[in-house]
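Asker: This is the structure I have questions about; it appears just below.
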Amino acid sequence: MKKRKKIKAIIFDVGGVLQIGKYSSFIPKREYFGVHQYLSKELGLDIDSWFDSIDKTYSDSIEGKIDERKSVKVIANNLNINQKKLEKLVIKTYKSFFKKNKELYSLAYLLKKKGYIVGILSDQWPLSKKALISKEDFKLFNPVIISCDVGFRKPDLKIYKLLFKRLKEKDKKIKMDEILFVDNRMWNLKPARKLGMKIILFKDNKQFFREFKKLEIL
């Protein structure tokens with residue numbers, strides 16, 4: 001029987017994985033239907049008008065084509081709203097919609113203690129990055145690859161190849177099939193699998209730990 005290759009690196013997505021949805025007093029349960037829907041309602045817009053106002057600016061900022069200052073300025077101008085007010089509302093909404101997945105963070109701490117590489121690969125625009133990725137994350141996870149910082153996003157193969165390059169800097173001998181990538185979208189996992197990485201499609205903690213256990217990592 002062929003011996004199973006040992007996993008050396010475990011890489012997590014953020015939204016929907018390390019940060020999971022929650023309810024709060026700020027966002028009543030009956031109104032829990034998505035960050036963009038909530039923002040449009042707060043600004044007195046229908047959802048189509050909201051997306052028209054952010055349009056290419058939002059997608060370009062996720063890919064790092066424009067920086068935070070410019071993206072906020074353009075959207076604020078489109079909405080005829082103060083830039084600081086917009087930034088504060090967007091960050092507050094993201095923070096209110098998501099909470100830290102404590103079980104996965106505990107696992108990440110344990111994995112790092114055991115000598116594994118733990119990292120982040122995530123698509124974010126500057127304001128969601130501010131809300132969902134803390135300074136502590138940069139201490140725990142390494143590498144941390146965020147789309148708005150590197151200039152491309154999932155499922156572009158370039159971002160997975162960049163991840164592999166960063167992992168090679170930490171372990172010159174690491175192979176693609178010694179990397180586990182965890183994401184909540186299958187279309188983001190397919191390129192990783194194509195390159196040879198192990199994958200887990202995250203649905204909830206119970207399902208994740210069941211599949212994680214099968215890999216016999218710990």
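Asker: Determine which member of the set LEU180, LEU132, LEU140, LEU127 is farther than 15 Å from GLN19 by Cβ and outside the structural domain of GLU68 (by TED's automatic domain parsing). Steps first, please.
Answerer: Details: LEU132 fails: farther than 15 Å from GLN19 by Cβ; LEU140 fails: farther than 15 Å from GLN19 by Cβ; LEU127 fails: farther than 15 Å from GLN19 by Cβ.
Going through LEU180, LEU132, LEU140, LEU127 in turn, just one is farther than 15 Å from GLN19 by Cβ and outside the structural domain of GLU68 (by TED's automatic domain parsing): LEU180.
Asker: Exactly one of these conditions fails for PHE98: (1) surrounded by 14 or more Cβ atoms within 10 Å (Cβ to Cβ); (2) more than 19 Å from the chain's Cα centre (by Cα); (3) of a type in the set (A, V, I, L, M, F, W, C); (4) more than 15 Å from PRO126 (Cβ to Cβ). Give me its number.
Answerer: Against the list (1) surrounded by 14 or more Cβ atoms within 10 Å (Cβ to Cβ); (2) more than 19 Å from the chain's Cα centre (by Cα); (3) of a type in the set (A, V, I, L, M, F, W, C); (4) more than 15 Å from PRO126 (Cβ to Cβ), PHE98 comes up short only on (2).
Asker: Counting only residues that are modelled with pLDDT of 95 or more, give me the helices (runs of 4 or more DSSP H) lying completely in segment 10-118 with at least 3 of them.
Answerer: 47-62, 68-79, 83-97, 102-113
Asker: Could you pull out the residue among ILE159, ILE145, ILE200, ILE174 that is part of a strand (DSSP E or B), out of contact with any Asp or Glu (no Cβ under 8 Å at 6 or more places or on another chain) and not charged (D, E, K, R)? It would help to see each step written out before you state the result.
Answerer: Working: ILE159 fails: part of a strand (DSSP E or B); ILE200 fails: out of contact with any Asp or Glu (no Cβ under 8 Å at 6 or more places or on another chain); ILE174 fails: part of a strand (DSSP E or B).
It is ILE145.
Asker: I'd like the full set of residues that are of a type in the set (S, T, N, Q) and under 22 Å from VAL17 (Cβ atoms), limited to segment 79-105.
Answerer: Looking only at segment 79-105, we keep the residues that are of a type in the set (S, T, N, Q), and these are 80, 82-83, 93, 96, 101.
THR93, SER96, ASN101, listed by residue number.
Asker: Same structure again: Would you mind telling me which numbered condition in (1) assigned to a helix (DSSP H, G or I); (2) in contact (Cβ under 8 Å) with a residue 40 or more places away in the chain ARG153 fails?
Answerer: For ARG153, the failing item is (1).
The values are calculated or read from the model by the stated rules, or taken from the named source; none is laboratory data. This is a predicted model, so every value here is computed, not measured. In this analysis, Cβ positions are derived from the backbone assuming ideal geometry, glycine residues included, and neighbour counts consider all displayed protein chains.
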